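Here's the structure, in structure tokens; my notes come after.
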Amino acid sequence: MPTGLKATSSPIQIGAQIVQAAPNVFTSESIELSLNALDNEVFVVTQVNLDLSAPDSVAALSTEVEASLSTTQRTTVGSIADSNVLATSRQEIICNAAMTPDGGIAFSREDPTFTALSEDYIGIIATSNAFLSLVGVNNGNPKACSVRIYGYRATANASVYAALVQSEVLSA
């Protein structure tokens, strides 16, 4: 258990889904966590699973679908190098001009899916929302992403809570 936190729930799973309104358009959606700010309540994330639609196979074009879960609203998907991004996932089909649609090479990546054994958590969400972001490249159809967030509710002492909220807000 992280210093300054006290678990107030058993493990919880939260699920959500996002669907693009149109192909290749950045889309973001808020996931309500219903945290109680008066009690300095936070959500400790221990695991994240992002399940993406497959990219379209298009002759002579590389295609991609990418998503992230973040602690603040974003204007791009971002990467795990961004302090407010907890997890990312990407599926792509790499295709050069000479390849046919069935000749592309598919790649998948998800970082991180769960906390390392030596760590207590992936991240801590101190405000009431998490954000799921999705974008596609060169796809002919809208794409979707489902997320399952694993974790637990905890209360933080006043100084830890203030630091977590400030850090989260400043990372936007």
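Summary of values
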{"quantity": "Proxy reagent accessibility, fewest Cβ within 10 Å first, across D120, D82", "calculated": "D120, D82"}
{"quantity": "In order through region 57-66: 3J(HN,Hα) via Karplus (6.51 cos²θ - 1.76 cosθ + 1.60), integer Hz, x for Gly, Pro", "calculated": "8, 10, 4, 6, 10, 7, 10, 8, 10, 9"}
{"quantity": "Net +/- balance of residues flanking L164 in space, Cβ distance below 15 Å, scoring K and R +1, D and E -1", "calculated": "-2"}
{"quantity": "Cα-based shape type of region 31-85, given that a ≥ b ≥ c are square roots of the gyration tensor eigenvalues and the cut on a/c is 1.5", "calculated": "prolate"}
{"quantity": "Dipole magnitude of the chain about its Cα centre (Cβ charges: Lys, Arg +1; Asp, Glu -1), debye to nearest 20", "calculated": "160 debye"}
{"quantity": "Gaussian network model of the chain, Cα within-10 Å springs - most flexible of G140, G78, G123", "calculated": "G140"}
{"quantity": "Gain in span if fully extended, F107 to S128, counting 0.36 nm per residue against the direct Cα distance", "calculated": "4.2 nm"}
{"quantity": "On Cα atoms only, tilt of 158-170 relative to the major axis of the chain in degrees", "calculated": "30 degrees"}
{"quantity": "Among T88, T75, T46, residue whose mean-square fluctuation peaks in a GNM of the chain (springs only between Cα atoms under 10 Å)", "calculated": "T75"}
{"quantity": "Top of V160, V44, V85 by mean-square fluctuation, Gaussian network on the chain, Cα under 10 Å", "calculated": "V160"}
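Each value in this text was obtained by applying a stated rule to the coordinates, not by laboratory testing. What you are looking at is a predicted structure, and each value in this text was computed from that prediction instead of being measured. Here Cβ is always computed from backbone atoms with ideal geometry, including for glycine, and neighbour counts include all displayed protein chains.
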